[in-house]
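Read-outs throughout are calculated quantities, based only on the coordinates presented, and are distinct from any laboratory measurement. What you are looking at is a predicted structure, and each value in this text was computed from that prediction instead of being measured. Heads up, the Cβs are rebuilt from the backbone with ideal geometry, glycines too, and the neighbour counts pull from every protein chain shown.
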Ligand code: SF4
């Protein structure tokens with residue numbers, strides 16, 4: 001759990017080496033207020049005590065496998081540990097001893113160590129033994145073999161129910177949203193921290209969960225492994241558009257948008273408008289649909305499109321008379337627009353084909369007859 005004020009130090013195998021490692025880390029990061037010791041196996045208690053004592057008034061925390069039993073847990077708290085990020089499963093006895101010793105605990109279940117089938121039972125046991133747990137995380141390490149994804153989906157849904165009922169905060173790490181939270185229940189439209197170890201697959205670009213999804217371990221993208229988007233994005237001008245369980249459409253066109261955009265509870269939030277104000281740029285919408293009548297755009301809006309930093313879809317609402325819109329499409333492409341919809345009647349069929357040939361990098365489609373905006 002590295003944060004800007006927390007320095008992470010691998011726990012060495014001897015007390016002297018651990019003390020030296022803390023001294024080096026604090027010399028390199030003197031402003032760190034917390035030292036997090038990371039250990040691949042349960043640490044020797046003398047080494048842990050020496051390392052914690054070397055923290056020079058800073059908080060000392062431990063990330064390690066859960067202690068084997070109550071006596072080991074008691075030894076950790078006697079060594080001065082006050083906060084632990086533990087990899088489960090953890091026995092009820094060990095959890096109780098940590099609690100008695102005043103250690104705050106967050107528990108992580110690694111899918112390399114617990115099968116999806118066993119996960120819900122392990123979580124139930126942990127929550128029953130320690131309803132005071134700070135948080136529970138289920139984590140997939142990069143390179144992990146693909147679990148049965150349907151089983152994992154169900155286990156994580158159950159985990160969410162169990163932890164919610166107990167009031168324990170629950171999260172996943174390294175697990176794509178279509179497995180961890182396919183209904184977008186917990187997601188809101190928070191942007192996740194992305195990891196270089198996780199990758200996107202073929203269903204991801206139009207996926208309505210993508211704004212809250214970290215991608216999946218590369219090993220999970222084998223054919224027929226079952227990673228599918230639960231819902232594709234739907235541009236606001238499409239016939240099937242509207243607010244769904246994963247998407248909200250906020251209509252601008254001169255109406256105030258800040259409140260509705262900020263209140264939108266879904267992972268995907270469309271801002272659908274004909275002009276972009278400076279104040280719109282920092283709002284937490286995830287997709288912009290810019291609709292232009294007769295291919296006209298204000299210069300300020302065109303320049304702001306370059307700074308949106310999120311997918312921008314353009315819709316050109318055209319009458320039956322075909323006019324040359326290549327200059328406008330070129331301008332849109334040059335500011336980063338990837339998708340252009342011609343909201344135009346059938347007289348535009350040939351122009352649509354010609355635009356596709358002229359702009360091979362763009363996704364150009366005709367949607368007609370246009371619905372009223
Ligand atoms: S389909 Fe891709 S973007 Fe959508 S939730 Fe799954 S991994 Fe994430």
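If neighbour count is taken as other Cβ atoms inside 10 Å, put 234, 175, 290 in order from fewest to most.
The most exposed by this proxy come first: 234, 290, 175.
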*asked:* I'd like the distance separating the alpha-carbon centroids of region 281-323 and region 73-145, in whole Å.
replied: 49
*Could you state the angle between the C-alpha long axis of helix 349-358 and the longest principal axis of the C-alpha atoms of the chain, as a value from 0 to 90 degrees rounded to the nearest 10?*
60
*asked:* Can you compute the helix-only [θ] at 222 nm over the chain? Use -39500 (n - 2.57) per DSSP H run of at least 4 residues, normalise by all residues, nearest 500 deg cm²/dmol.
replied: -8500 deg cm²/dmol
_Pair residue 169, residue 96: separation of 7 Å Cα→Cβ label points (nm)_ = 2.8
*Would you work out if region 66-221 is rounded, prolate or oblate? Take a ≥ b ≥ c from the square roots of the eigenvalues of the alpha-carbon gyration tensor; rounded if a/c is under 1.5, else prolate when a/b is larger than b/c, oblate otherwise.*
prolate
*So how tilted is helix 149-166 from the main axis of the chain? Cα-based, degrees 0 to 90, rounded to 10.*
70
_Could you work out the percent of alpha carbon pairs in the chain separated by over 27 Å, rounded to a whole number?_
60
